[in-house]
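The values are calculated or read from the model by the stated rules, or taken from the named source; none is laboratory data. Values in this document were obtained by computation on a predicted structure and should not be read as measured data. Reconstructed Cβ throughout: ideal geometry from the backbone, glycine too, with neighbour counts over all protein chains shown. The area values use the complete protein model at the heavy-atom level, side chains included, leaving out ligands, DNA and RNA. Shrake-Rupley method; radii C 1.70, N 1.55, O 1.52, S 1.80 Å.
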Amino acid sequence: ELPEFRYLGEYTILDAEIDVDAFQERVGTDDATASDRVFHSLLSVAGLDPETLGDGDWEQTLTELEAASSEITSTVTRYWSQADDLRIHIRGADGGDGARTLSIRVESPDHGVSVSFDQRSRGLQWFFSTVCTVSDLRAADRDQVLLLDEPGLHLHPKAKREFREFLEEGFATEQTLVYSTHSPFMIDTDRAHRTKLLEKSHEDDGTAIRTPGEADAYTQFPLRS
């Protein structure tokens, strides 16, 4: 009856260029990278099987990936006010020798240009990548506990609050979420009773979990802020 625990670190970011054959090989040998795991989530949102990716109609595969990317982009622009009306597109290319390659680009309709995904801000890269993963986990058939380590370090303070709203509305209504933070902007003051403080034990036996009233002033500082 135990749920499945999933841990996400801060630097889980999707690569701007994806070699489909190399991706499938790494997944098949249990050697997937952090980017591979994000891309796997995007495939799940698109309803695509990583093992058969590109085996059928390549144009149809690109269409389904584009639809999934559009869904994720809509979520990003809904919760992240800095996103404006940008669009994230997935384009296919022939990598040579018949290899299938995917290129992820960010388009700004206001300026009429697009740039590679890795040329945009770290905040946008991280926000889009994390929304991919969280959207996939939310739809899981079994119970999930999502563990986020210091989410949103690269985000503007207002964006941190917007990301927190996404987690509350886009994941925590279906699954269980636990995250660590040092940022006052990631603390939900409307639900402060959920907050626990981690403090180095005075008995030198590791870290203690405290309620706000039990912790020392140093540990209380982010919550007080």
Exercise for the section: Return the only residue of Asp136, Asp141 being under 24 Å from His40 (Cβ atoms), part of a helix (DSSP H, G or I), open to solvent by 10 Å² or more (accessible area, probe 1.4 Å) and not hydroxyl-bearing (Ser, Thr, Tyr). Expected result: Asp136
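Give Ser180, Ser121, Ser114 a once-over and let me know the one that is surrounded by fewer than 14 Cβ atoms within 10 Å (Cβ to Cβ) and at pLDDT below 90. Let's see the steps before the verdict.
Working: Ser180 fails: at pLDDT below 90; Ser114 fails: surrounded by fewer than 14 Cβ atoms within 10 Å (Cβ to Cβ).
Selected residue: Ser121, the only one of Ser180, Ser121, Ser114 that is surrounded by fewer than 14 Cβ atoms within 10 Å (Cβ to Cβ) and at pLDDT below 90.
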Fill in the blank from the handout: So, first residue closer than 12 Å to Gly170 by Cβ in segment 68-91, second residue at pLDDT below 85 and surrounded by fewer than 20 Cβ atoms within 10 Å (Cβ to Cβ), Cβ within less than 6 Å, six or more apart or across chains; the pairs are none
Completion exercise
(1) touching a residue at least 40 places away in the same chain (Cβ under 8 Å); (2) surrounded by 18 or more Cβ atoms within 10 Å (Cβ to Cβ) all hold for Trp58 apart from (2)
Problem - Residues located in segment 40-55, provided they are of a type in the set (Ser, Thr, Tyr) and without any contact (Cβ under 8 Å) to a residue 60 or more places away in the chain - result: Thr52
Exercise for the section: Could you check how many residues of segment 1-21 are hydroxyl-bearing (Ser, Thr, Tyr) and at pLDDT 85 or above? Expected result: 1
Exercise for the section: Output the residue which, of all residues in segment 151-183 that are part of a strand (DSSP E or B) and of a type in the set (Val, Ile, Thr), is nearest to Ser135 (Cα to Cα). Expected result: Thr176
Exercise for the section: Report yes if some residue within segment 192-204 is in a strand (DSSP E or B) and open to solvent by less than 20 Å² (accessible area, probe 1.4 Å); otherwise report no. Expected result: yes
Exercise for the section: For segment 156-168, name all the residues that are free of Cβ contacts under 8 Å to residues at least 60 places away in the same chain and either at positive phi or surrounded by fewer than 14 Cβ atoms within 10 Å (Cβ to Cβ) (or both). Expected result: Pro157
Exercise for the section: Determine if segment 35-46 includes at least one residue that is out of contact with any Gly (no Cβ under 7 Å at 6 or more places or on another chain) and surrounded by fewer than 15 Cβ atoms within 10 Å (Cβ to Cβ). Expected result: no
Exercise for the section: Look at segment 1-55 and say how many of its residues are of a type in the set (S, T, N, Q), outside any loop (DSSP other than H, G, I, E, B) and under 15 Å from Val134 (Cβ atoms). Expected result: 2
